[in-house]
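The values are calculated or read from the model by the stated rules, or taken from the named source; none is laboratory data. Given the structure is predicted, the values throughout are model-derived calculations rather than measurements. We place every Cβ from the backbone using ideal geometry, glycine too, and count neighbours over all the protein chains shown.
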Amino acid sequence: MTHSLTLRMALLLTLPPLLWAGNAVIGKLAVGIAPPVALNFVRWSLALCLLWPLGHAALRDWPALRARWRYLSLLGLLGMGSYNALQYLALHTSSPLNATLITASSPVWMLAIGALFYGVRPRGRELLGALLSLLGVMLVISRGSLTQLLTLHFVPGDLLMVLAILSWGFYSWLLARPPASMQGDQRPNWDWAGFLAVQISFGLVWCGLSAGVEAHLSPASWEWGWPVLLILLYVAVGPSLIAYRCWGLGVATVGPATASFFVNLTPVFAALFSALWLGEAPQWFHAGAFGLIVAGIWISSRR
């Protein structure tokens, strides 16, 4: 059962897009100094090490893990093994702004997945909220100019981002609508750290397999130095542990459809980060986009 959106939950759900926007910019900076799929594997390996003191008990619950391995393997594949690896691959040919623009289509995919696979029909206000949020995204991308919007080009990496956001949509619905073995009295006595550690552990199997394939097929190699170490520190803590914890709590509280509207804040934050990185001050269209996206969130989450 989902609940109404509160101010506390809204602030909590704002953290993931903020951290993921930074992840998109960081992922672009990593091009040429870190193999994308291997970067994803090392990212989650470090995240699990940092989470180990809090969540290791769940990893010793062998009967519970064996009984739920299919569900947990699917969570690990979609949430850790696919989404992030596809994003890092996409950033080799796509820009952070393009990548986050496609990410902002998340509400549309989330509503579609809910309708097709879970029998959850979208409400009119959710469709209106999705439209307003996407208008805000387009305002950022166009920089307030129709000419800029018409000349926007999409590249192969953009297709990878579409696959990534589809993976994220299914992951979010699996969190919100788990099988009976993960509900009520049947759910193992795992706290948030234990459950996230379990997801990461299953996800690392997929990450490791795909990193091995990349190492065999791709000539890309690590360029070790302070830039790589700082990148690894950020991606292991911010967009991994903090963002996933906030997202999991938000999805469980307000549902994946409402939570997905907050993803539309990602390109706004990405534009701001890019502007700050280039030494440019935020423009009027950033504020306008923020207003449209917030309006979309408010309309879609009204009860």
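Values computed for the structure shown
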item: Unique match (being modelled with pLDDT of 75 or more and among the charged types (D, E, K, R)) among 303, 245; result: 245
item: Residue in segment 99-110 that is of a type in the set (Gly, Ala, Ser), touching a Phe, Trp or Tyr at 6+ places or on another chain (Cβ under 8 Å) and modelled with pLDDT under 85 present; result: yes
item: All helices (runs of 4 or more DSSP H) inside segment 1-105 with 2 or more residues being under 24 Å from residue 194 (Cα atoms) and touching an Asp or Glu at 6+ places or on another chain (Cβ under 9 Å); result: 36-59
item: Verdict on residue 105 being crowded, with 23+ Cβ neighbours inside 10 Å, closer than 29 Å to residue 270 by Cβ and either of a type in the set (Ser, Thr, Tyr) or under 18 Å from the mean Cα position of the chain (by Cα) (or both); result: no
item: Which numbered condition residue 74 fails, given (1) touching a helix residue (DSSP H, G or I) at 6+ places or on another chain (Cβ under 7 Å); (2) aliphatic (A, V, I, L, M); (3) more than 30 Å from residue 180 (Cβ to Cβ); result: (3)
item: Cβ-Cβ under 6 Å pairs, at least 6 apart or on other chains, segment 111-138 side in a helix (DSSP H, G or I), far side of a type in the set (Phe, Trp, Tyr) and surrounded by 14 or more Cβ atoms within 10 Å (Cβ to Cβ); result: 113/173; 129/261; 133/261
item: Complete set of residues in segment 176-210 that are exposed (fewer than 11 other Cβ atoms within 10 Å of the Cβ) and of a type in the set (A, V, I, L, M); result: 180
item: Lone qualifier among 213, 263, 235 - being assigned to a helix (DSSP H, G or I) and surrounded by fewer than 14 Cβ atoms within 10 Å (Cβ to Cβ); result: 213
